[in-house]
Ligand SMILES: Cc1cc2nc3c(=O)[nH]c(=O)nc-3n(C[C@H](O)[C@H](O)[C@H](O)COP(=O)(O)O)c2cc1C
């Protein structure tokens, strides 16, 4: 039996295999009007194609818990009921194919209000649907980025509440799993890392203070998210800084804290909080960070980053380096990756009736 096609049960949810799709922004929602932040035809086609392709779990892209929390004005959101209804169409279809629907809830912090990546991703002003970003400290991400407004403790509490409200809506929208976006230099990561968090109050300074906001979000989401449904957390395991950043040691320690607060799986990415760092990319380059959390804690982990080949993915799981693999750009290239991998590994996976003649 292959490892890739073993089901995985977390709480009461069984994911049919270990080939998963990570969150990937499509920047394709309306930036204004009644359908702002609601998934449309592009999103339906994009996500449902990977479901018919046999992907075991799909994490829908970074979805803003508030308009200010979006990376771009074109992001999805879960701050109103129109958005909930629009998501239901996607989750219903994913469930009909046996794919578990998950959604990544996000606040972009100081990296909010930027353009779509394919037009350069530059910060946007109010003339182009932009807004003033918020962050733990008034430190710009990079040259050319605006200096964000430092959050008051009252505003921090409001954002914690927004994550909980968005999780309630995610449930109404039919999602089985919520992933909290704690990676890539967005708001939660900005609090975690001493590189971006220079606060001197209860939310900055010590490890306990820097992790406070993340754990408040986890607690608030866990309080409204049903006991029987899993909660994931995506982390950047390192800032790739020689000093003054979040480190793999911090990640291992924090994984234990997250598990104690009800997180069921750590989705292990890296980077995004410090521009200009050298990242040694290559096949499976982030797997060692997931493997370390797996080896040193009891929290299940998913590995991501340049995992593209069947044998490579199978080996990561068989070696016990991770409990699941996430394939991003490879699934953009090939929505049927899971079916091809199953065939290579001699596995029988259910095929949609409509495609039975392709067997
Ligand atoms: C188009 C695109 C959009 C992305 N959007 C998100 C996102 O919304 N949230 C997130 O955590 N990561 C995002 N990522 C990162 C991916 O989830 C993934 O971690 C990364 O692409 C590395 O995996 P890969 O080498 O298999 O593509 C995005 C990546 C791409 C290519």
For residue 208: the one exception among (1) in a loop (DSSP other than H, G, I, E, B); (2) more than 20 Å from the chain's Cα centre (by Cα): (1)
The range 78-109: number of residues that are within 16 Å of the ligand (Cβ to nearest atom) and within 28 Å of residue 17 (Cα to Cα): 9
Qualifying positions in the range 304-329 - part of a loop (DSSP other than H, G, I, E, B) and within 11 Å of the ligand (Cβ to nearest atom): 305, 306, 307, 308, 327, 328
In the range 330-356, residue nearest to the ligand (Cβ to nearest atom) [restricted to those that are part of a helix (DSSP H, G or I) and free of Cβ contacts under 8 Å to residues at least 12 places away in the same chain]: 333
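I'm trying to understand the selection: among the residues of the range 144-185, which are within 16 Å of the ligand (Cβ to nearest atom) and within 29 Å of residue 200 (Cβ to Cβ)?
Keep residues of the range 144-185 that are within 16 Å of the ligand (Cβ to nearest atom), which gives 163, 166, 170, 175, 177-185.
If the condition is that a residue be within 16 Å of the ligand (Cβ to nearest atom) and within 29 Å of residue 200 (Cβ to Cβ), then 163, 180, 181, 182, 183, 184, 185 are the ones that fit.
Going by what's in this entry, would residue 262 be described as near the ligand (Cβ under 10 Å from one of its atoms), at pLDDT 95 or above, touching a helix residue (DSSP H, G or I) at 6+ places or on another chain (Cβ under 8 Å) and on the phi > 0 side of the Ramachandran plot? I'd like the intermediate steps shown before the answer.
Details: near the ligand (Cβ under 10 Å from one of its atoms): no; at pLDDT 95 or above: yes; touching a helix residue (DSSP H, G or I) at 6+ places or on another chain (Cβ under 8 Å): yes; on the phi > 0 side of the Ramachandran plot: yes.
The answer is no for residue 262.
Rundown of residues vs (1) under 19 Å from residue 235 (Cα atoms); (2) touching a strand residue (DSSP E or B) at 6+ places or on another chain (Cβ under 7 Å); (3) surrounded by fewer than 19 Cβ atoms within 10 Å (Cβ to Cβ); (4) touching a residue at least 40 places away in the same chain (Cβ under 8 Å), yes/no style:
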position	(1), (2), (3), (4)
280	yes, no, yes, no
293	yes, yes, no, yes
299	yes, yes, no, yes
302	yes, yes, no, yes
309	no, no, yes, no
313	no, yes, no, yes
319	no, no, yes, no
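Go through the range 78-100 and give me each residue that's touching a strand residue (DSSP E or B) at 6+ places or on another chain (Cβ under 6 Å) and either part of a strand (DSSP E or B) or closer than 30 Å to residue 144 by Cα (or both). Show your work before the answer.
Filtering the range 78-100 down to residues touching a strand residue (DSSP E or B) at 6+ places or on another chain (Cβ under 6 Å) leaves 78, 83, 91, 94, 99-100.
Selection gives 78, 100.
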Cβ-Cβ under 9 Å pairs, at least 6 apart or on other chains, the range 13-27 side within 14 Å of residue 331 (Cα to Cα) and in a loop (DSSP other than H, G, I, E, B), far side within 16 Å of the ligand (Cβ to nearest atom) and modelled with pLDDT under 95: none
Among residues of the range 47-77, those that are part of a helix (DSSP H, G or I) and either within 16 Å of the ligand (Cβ to nearest atom) or under 30 Å from residue 149 (Cα atoms) (or both), counted: 6
Condition check for residue 251: within 27 Å of residue 140 (Cβ to Cβ), away from the ligand (no atom under 14 Å from the Cβ), assigned to a helix (DSSP H, G or I) and in contact with a strand residue (DSSP E or B) (Cβ under 9 Å, 6 or more places away or on another chain): yes
Residue within the range 13-30 that is more than 23 Å from residue 266 (Cβ to Cβ) and more than 12 Å from the ligand (Cβ to nearest atom) present: yes
Counted residues, the range 265-281 - those being within 16 Å of the ligand (Cβ to nearest atom) and at positive phi: 2
Subset of the range 309-339 [over 28 Å from residue 356 (Cβ atoms) and within 19 Å of the chain's Cα centre (by Cα)]: 322, 323, 326, 328, 329
Residue within the range 239-247 that is more than 20 Å from the chain's Cα centre (by Cα) and either in a helix (DSSP H, G or I) or within 16 Å of the ligand (Cβ to nearest atom) (or both) present: no
Meets criteria (under 26 Å from residue 262 (Cβ atoms), out of contact with any helix residue (DSSP H, G or I) (no Cβ under 9 Å at 6 or more places or on another chain) and modelled with pLDDT of 95 or more) for residue 294: yes
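Please determine, by comparing only the residues of the range 111-129 that are within 16 Å of the ligand (Cβ to nearest atom) and in a helix (DSSP H, G or I), which one is surrounded by the most Cβ atoms within 10 Å (Cβ to Cβ). It would help to see each step written out before you state the result.
Quick first cut of the range 111-129, residues within 16 Å of the ligand (Cβ to nearest atom) only: 111-121.
Adding the requirement that they be in a helix (DSSP H, G or I) leaves 111, 117-119.
Numbers: 111: 26, 117: 11, 118: 7, 119: 9.
Step by step, filter the range 111-129, then rank; the result is 111.
The values are calculated or read from the model by the stated rules, or taken from the named source; none is laboratory data. From a predicted model like this one, the values you see are computed outputs, not experimental measurements. So basically every Cβ, Gly included, is an ideal-geometry build from the backbone, and we count neighbours across all protein chains shown.
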